[in-house]
Every structure is written in structure tokens, then in C-alpha cells.
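I have placed the structure first, in the form of C-alpha cells, so that the comments after it can refer back to it.
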Amino acid sequence: MQPTALVTGASRGIGLATARKLGANGVRTFVGARDPESGKRAVEQLRDDGADADFYELDVTDQATIEAARDDIDQRYGRLDILVNNAGVLPEAGADQPTVPLQLTMFQATFETNVFGTVAVIEAMLPLLGKSVAGRIINVSSSLGSLTLQTDPDWPSYVVTPAYQSSKSALNAITVALAKLLADSAITVTSVCPGFVQTDIHPPSNRSNAAITPDEAGEFIARAATDPDVGTGTFIDRNGVVPW
């Protein structure tokens, strides 16, 4: 039976690259994206590459689009094997230097997508994942969410993006909690850090410093999503375990 996967934020960058790698591995892949034009264009690219792909207009901050995607996947396929929560924002990257240490509006905008949106998608898709022989949830996180690394001034990525870092720490906490709650099920939950990737989430001046291409990041995420040996309730990058 052909496995199925939903990737959020999959019309470009890491999400599209992940969908492409999953498709190349024979996974029927659902491209979730806010913009229908770019989402459908991404599906055309995937199909040209020989992948079995479909598009769902899915905005993780819009409950109606999440439920519509879930209902259609359920009706057409009856289950979901892999959920890759890739959609994320980094509004601090393009913002002016703050005049105060913390900005509530920045936290609200970041958490709306990176945390609340992810929870909304997981909640909606869990029943479908429960119908899989071995459901997989992959939360695309960041080492910037590691409290251990962020408290080490000698760490090369010792930076200050309070809202983004906090959102990824919260996402990691969700991974841990959900893994515990689903311990008696066949569903596994993993946080993955693809590294510093050349994507539009970073401003051009900073993006040029990124060493990892979207294709490399997508290959790693797709591998984590399909490797049965990847543990549940863990936080990994391409080098192994990332400290919480």
C-alpha cells in the first residue's frame, strides 16, 4: 500500500524539497500551502519529476482550511502515514531593531504559525495518523530552540531572536509531551533541525551565510520521516541528537 504524507508550507524552500524527496521515494505526497498558485505550481514540478502529488490549500492559521484538507484526505485515502509540520515564520529576521527587549506583537505573530498552527494541524490529522500502521509526525524545529545551546556563549549560533527561539523551544516541548501521550500507539513524534538553510525565511544578507541547500535539508527531513529507527520524543539533526 502506497504511503501518504502531508507537508505544510510545501510550495517552496525546505517544504518543497522535502515533498520532492518523499515523492522520489514512492510516497504519495500532499503539498499544503496558503497560496493556490504557488502550491499548484509546486505540484506540477513534483509530477514532472514522476512523483504522485496533490495540492491542498492549507493555511495553518486557518482552521477551515485545515479541516477541509483533513476531510478530503480521509474521504479519498482513509489515512495519513506521515505529517511534516514544516510551515514556519521568522518575522524578527526582517524587522527593525527593537526598542524594547521583548515585543508582544512579534511573539504573537511567530507563535500563531510556529506553535498554534502546528498544534491545530496535529490535532486535526491525529485521527488519520491513527489509522496508519506506523504514523509519523515530524516537527521541523531548529537548534535555536535548544536551551542548552542557547545558554552557551561559545556556541557559533549564539544569537538573539527571542520570539523565534521561544517558538521552537515550545515546539520541542510539544514533541516531548505528544510522544508521551502517544506512547501506547503506533505514532512516533520527532523534532528535526535541518540546519541553517538557504531559504527566503532569512533576509538576503544573512541567507548568503547559510551552508545548507533546501535540497539537502529536504533529503534529511524525508529520511527522518521514513526511517523506522528514528526514535519518538527525540530531537535530531544530521549529526545526531540535539540537546534540549
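What follows draws every value from the coordinates through simple rules; no lab data is involved. Remember, predicted model here, so these are calculated numbers, not experimental data. Don't worry about glycine lacking a Cβ; one is built from the backbone with ideal geometry, like all the others, and counts go over all protein chains shown.
Calculate, for Asp48 and Met1, the FRET efficiency according to 1/(1 + (r/R0)^6) with r their C-beta to C-beta distance and R0 25 Å; round to the nearest 0.05.
Numbers: r = 25 Å, r/R0 = 1.00.
Approximately 0.50, to the nearest 0.05.
Please check which bits of the stretch 119-133 a label hung off Ser185 would reach, taking the label as a point 7 Å along Cα-to-C-beta and the cut-off as backbone N under 13 Å.
121-133
Which FRET efficiency value, to the nearest 0.05, do you get for Thr151 and Gln108 by plugging their Cβ-Cβ distance into 1/(1 + (r/R0)^6) with R0 = 22 Å?
Computed FRET efficiency for Thr151 and Gln108 comes out at 0.30.
Give me the number: length gained by fully extending Arg223 to Val176, i.e. 0.36 nm times residue separation minus the C-alpha to C-alpha distance, one decimal in nm. Kindly include the intermediate steps, with their values, before the conclusion.
Working: separation 47, 0.36 × 47 = 16.92 nm, distance 2.04 nm.
That works out to 14.9 nm of additional length.
Amide H to amide H under 5 Å from Asp59: which residues, 5+ apart in sequence or cross-chain, H placed 1.01 Å off N in plane?
Thr65, Ile66
Quick one: how many lysine pairs in the stretch 4-241 have C-alpha atoms under 26 angstrom apart, if they're 8 or more apart or on different chains?
5
Using 7 Å Cα-to-Cβ label points, what is the Ala24/Ala93 separation (nm, one decimal)?
My value for the distance between the label points is 2.3 nm.
Over the alpha carbons of the chain, what is the largest minus smallest coordinate on each principal axis, giving the biggest first in Å?
52, 41, 33
Counting DSSP beta bridges in the stretch 1-71, what percent are antiparallel, to the nearest 5? Before the final figure, lay out each step's value.
Numbers: 0 of 10 bridges.
Beta bridges within the stretch 1-71, antiparallel portion: roughly 0 percent.
Semi-axes of the equivalent ellipsoid for the stretch 82-159, please: Cα gyration tensor eigenvalues, times 5, square-rooted, ordered largest first, whole Å. Intermediate results must be reported in sequence, preceding the final value.
Numbers: eigenvalues 183, 60, 15 Å².
Whole-Å semi-axes of the equivalent ellipsoid: 30, 17, 9.
So, counting K/R as plus one and D/E as minus one, what does the shell of residues with Cβ under 10 Å around Asp215 add up to?
On the way: positive: Arg20, Lys21; negative: Glu216, Glu219.
Around Asp215, the charge tally is 0.
Between helix 118-129 and the chain, what is the angle of the helix's C-alpha long axis to the longest principal axis, kept within 0 to 90° and rounded to the nearest 10?
So the helix axis and the longest Cα principal axis differ by about 20 degrees.
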